[in-house]
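Taking it in order: structure first as structure tokens, then the write-up.
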Amino acid sequence: MADEQKRLFVEDAGQARVKQAAKAKGANKPDAAGHRERLRARLIEGGSEALHDYELLEFVLFGARSRGDTKPLAKALIRSFGGFSEVITAEPERLRQVEGVSEAVVGAIKVVAAASELLARETVINKPVLSSWTAVIKFCHTKLAHKNREEFHLLFLDRKNRLIDHEPHGLGTVDQAQVYVREIVKRALELNASALILVHNHPSGDPQPSKADVAVTREIQKALSVVGIDTHDHLIIGRKGHASFKAMGLL
């Protein structure tokens with residue numbers, strides 16, 4: 001009797017393994033393919049609002065993983081960084097720390113980041129900033145809101161307050177970026193700019209200006225005014241909002 005029970009146990013275990021393998025095989029082919037098709041249809045018909053953050057990220061990962069389920073990795077990335085925007089703008093070295101992230105995955109994610117920045121830039125370049133101020137704020141937010149280091153950027157304007165160009169000026173640590181006033185003036189003159197918008201981010205998330213922010217802004221404003229260039233505004237970008245020196249009466 002014991003031998004018979006042992007034989008039946010072995011047979012049952014073998015059948016269970018066969019069923020499990022068949023199920024896994026099916027999940028990797030028709031079911032997974034069907035899931036991708038359903039996500040694609042929802043995205044095309046309803047836009048990003050029709051998908052959860054992790055589902056939109058799944059779609060991004062399709063390009064890096066032609067087969068298999070991308071949902072577990074998408075959810076792991078969302079858990080690690082907090083949301084879709086945070087994943088897309090994360091530094092490559094931080095992305096690589098998440099298990100399952102290959103160079104192909106990093107590439108797929110950074111393509112989306114580059115496209116987002118390009119689209120935001122195209123909405124403001126060569127356009128009057130006063131009539132497209134919301135687009136300017138969105139561009140700055142896209143560029144800087146989720147950086148984990150403080151960065152100082154410059155927006156150069158012509159006589160009609162149209163955006164000529166945007167350039168990074170200084171990179172820093174978590175809470176400080178190097179600013180070189182003489183280099184700012186020199187670059188503004190090279191581009192024949194009539195005004196500048198100064199922009200930097202606060203990785204802490206709080207966009208309120210510090211005493212150092214106010215002091216360096218006044219130093220830049222004074223130097224630019226000597227050569228007839230206006231300082232239109234200084235924007236500080238946080239994760240959830242921004243502060244404007246002009247709106248706060250600091251310029």
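Only residues that are in contact with a strand residue (DSSP E or B) (Cβ under 9 Å, 6 or more places away or on another chain) and outside any strand (DSSP E or B) were counted in region 240-251, giving 5. Checked against (1) at negative phi; (2) out of contact with any strand residue (DSSP E or B) (no Cβ under 7 Å at 6 or more places or on another chain); (3) in contact (Cβ under 8 Å) with a residue 12 or more places away in the chain, L155 passes all but condition (2). Within region 131-153, can one find any residue that is among the basic types (K, R) and at pLDDT 90 or above? No. I'd like to check something: does region 173-191 contain any residue that is polar (S, T, N, Q) and within 23 Å of R121 (Cβ to Cβ)? No, because not a single residue in region 173-191 is polar (S, T, N, Q) and within 23 Å of R121 (Cβ to Cβ). Considering E91, E99, E103, the condition of being acidic (D, E), in contact (Cβ under 8 Å) with a residue 40 or more places away in the chain and assigned by TED's automatic domain parsing to the domain that holds G63 is satisfied by E91 alone. Here region 187-202 is the region considered, the condition is being in a strand (DSSP E or B) and in contact with a helix residue (DSSP H, G or I) (Cβ under 8 Å, 6 or more places away or on another chain), and the residue that is nearest to L144 (Cα to Cα) is N201. Total residues in region 43-81 satisfying the condition of being under 22 Å from A145 (Cβ atoms), small (G, A, S) and exposed (fewer than 14 other Cβ atoms within 10 Å of the Cβ): the figure is 2.
Residue selection: D206 satisfies the criterion of being assigned to a loop (DSSP other than H, G, I, E, B), in the same structural domain as H169 (by TED's automatic domain parsing) and either surrounded by 13 or more Cβ atoms within 10 Å (Cβ to Cβ) or at pLDDT below 95 (or both). Condition check for E150 on (1) of a type in the set (D, E, K, R); (2) surrounded by 20 or more Cβ atoms within 10 Å (Cβ to Cβ); (3) out of contact with any strand residue (DSSP E or B) (no Cβ under 7 Å at 6 or more places or on another chain): one failure, at (3). Only one of the listed residues (V129, V185, V181, V214) is in contact (Cβ under 8 Å) with a residue 24 or more places away in the chain, in the same structural domain as I236 (by TED's automatic domain parsing) and touching a Lys or Arg at 6+ places or on another chain (Cβ under 8 Å). That residue is V129. When each of A177, A212 is tested for being small (G, A, S), modelled with pLDDT under 95 and surrounded by 18 or more Cβ atoms within 10 Å (Cβ to Cβ), the lone residue that passes is A177. Checked against (1) closer than 21 Å to R149 by Cα; (2) touching a residue at least 40 places away in the same chain (Cβ under 8 Å), S116 meets all criteria but (2). Taken over region 218-239, the residue count meeting the criterion of being outside any helix (DSSP H, G or I) and of a type outside the set (G, A, S) is 11.
Scanning region 69-103 for residues that are at pLDDT 90 or above and on the phi > 0 side of the Ramachandran plot yields a single hit, G100.
The values are calculated or read from the model by the stated rules, or taken from the named source; none is laboratory data. What you see is a predicted model; the values in this text were computed from it and never measured. Note that we place each Cβ from the backbone using ideal geometry, even for glycine, and neighbour counts take in every protein chain shown.
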